[in-house]
Amino acid sequence: MPTVTREQILDALRNIVDPDLHRDIVSLGFVKEVAVCDGAVKTVIELTTPACPVKDQMKAEAERLIAQLPGVSAVHVEMTAQVRGRSLDPEDILPEVKHVIAIASGKGGVGKSTVSVNLAVALAQSGARVGLLDADIYGPSLPKMMGCQGEHPLVESGQIIPIRRYGVSVMSIGFLLEEEQAAMWRGPIVAGTVRQLFVDVRWGALDYLLVDLPPGTGDAPMTTAQLVPLTGVVIVMTPQAVAASIAGKSVALFRRLNAPILGVVENMAEFVCPCCGTRTAIFPGPGARAFAERLHVPFLGSVPLDPAVSVASDAGQPAVIAAPDSAQAQAFREIAGKLAAQVSVASMAG
Ligand code: ADP
């Protein structure tokens, strides 16, 4: 019986190409361990995110490729993940946060907060360490959407401890102020408050900190992009032409601020009939996919409109929690995977 060598196993694994990074997993350094004992092979493949959309496919492919080698009697492939971050400089204002991702929209009401909440929970469900910062100073809706309205965060040694909900660390100005109190704030106070939400909160070690920005191109997006090194920005839009032209302004702003656009999420483009599953387009127009193509940014996916899920969400249960089998939850999980993949691409490039 021939014995299989480590080199043969690595050569076989070179056939697996990461679809986002366009290189094989061996040269990317993903293969962390190869052990052979009496024909039994164990290997550990470490991905750049636990939310990798092709994790299961890669595992199956690795098992198949190794099993085909002569002399192999058993195969065990373990998939792990280590999110690779920007260089964690102790001078950085968030030294333990690997990626800060802003969620932006040109205008209000397109579902930016709904998307932020569901992506945060979906990433946490995949095994990542996730924080969610509500920088929507004028209309903080995350406490309500995350089901922690009225809670008051503890303060320890001068630092605010985020509220934990659905596996996510949440911080919002809404925990600290009475409703409407911030509505009259002017630019410098907004900027100072956004800064506090980053600096005075004990975020701890995170793979992804998602920042729900206020709509538009005002002070909070500017402050955020200037204050923290953003891995990138997700733009949420509905498919109407007017939403597209306003979303275009957000893309232009973040490009000017040197923040990469990680992708576009389309929301409420379609209605999925709860009885028969038929999909009906709601708005006329070319949609967000065409917008993304025109601006050369990735299209991350489309979230259908679902009134039932919206009711649960406004009552504090995000779709991925309240209705994990719904078309909407499915879309959010896919988008979270694609986003995590884009983050990996951005950090490998940087
Ligand atoms: P924004 O943050 O852009 O202002 P929100 O996330 O607060 O928007 O969403 C506005 C309203 O639309 C909320 O009531 C929310 O529940 C609802 N909504 C958002 N996305 C969807 C969707 N895909 N299906 C049904 N309702 C949605």
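The values are calculated or read from the model by the stated rules, or taken from the named source; none is laboratory data. The model shown is predicted, which means the values in this text are computed figures rather than measured ones. Cβ: placed from backbone, ideal geometry, glycine included. Neighbour counts: every protein chain shown. Keep in mind that these areas ignore ligands, DNA and RNA; they rest on the heavy atoms of the full protein, side chains included. Shrake-Rupley method; radii C 1.70, N 1.55, O 1.52, S 1.80 Å.
Points to keep in mind about this one:
- Single residue of region 296-350 satisfying the filter (farther than 18 Å from Ala122 by Cβ and within 12 Å of the ligand (Cβ to nearest atom)) that is most open to solvent (accessible area, probe 1.4 Å): Val311
- Of Pro53, Pro19, Pro70, Pro95, all but one fail to be closer than 30 Å to Thr223 by Cα and away from the ligand (no atom under 16 Å from the Cβ); the exception is Pro95.
Yes/no per residue for (1) within 15 Å of the ligand (Cβ to nearest atom); (2) open to solvent by less than 60 Å² (accessible area, probe 1.4 Å); (3) assigned by TED's automatic domain parsing to the domain that holds Gln226:
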position	(1), (2), (3)
Ile66	no, yes, no
Asp136	yes, yes, yes
Met145	yes, yes, yes
Arg164	no, no, yes
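- Flag if Thr80 is more than 16 Å from the ligand (Cβ to nearest atom) and of a type outside the set (A, V, I, L, M): yes
- Considering the conditions (1) open to solvent by 10 Å² or more (accessible area, probe 1.4 Å); (2) under 19 Å from Thr193 (Cβ atoms); (3) more than 16 Å from the ligand (Cβ to nearest atom), Glu156 is excluded by exactly one of them, (2).
- Count of region 312-350 residues which are outside any helix (DSSP H, G or I) and farther than 23 Å from Ala102 by Cβ: 7
One line per residue, one yes/no per condition, for (1) loosely packed, with under 14 Cβ neighbours inside 10 Å; (2) touching a Pro at 6+ places or on another chain (Cβ under 8 Å); (3) of a type outside the set (Phe, Trp, Tyr); (4) part of a helix (DSSP H, G or I):
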residue	(1), (2), (3), (4)
Arg84	no, no, yes, no
Val100	no, yes, yes, no
Ile103	no, no, yes, no
Val110	no, yes, yes, no
Asn118	no, yes, yes, yes
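- Of all residue pairs spaced 6 or more apart or on separate chains, those with beta-carbon atoms under 6 Å, a first member in region 1-21 that is open to solvent by 50 Å² or more (accessible area, probe 1.4 Å) and a second member that is of a type in the set (Asp, Glu) are Arg14/Asp24; Val17/Asp24.
- Test: residue in region 255-277 that is in contact with a strand residue (DSSP E or B) (Cβ under 8 Å, 6 or more places away or on another chain), within 25 Å of Tyr208 (Cα to Cα) and among the small types (Gly, Ala, Ser): yes
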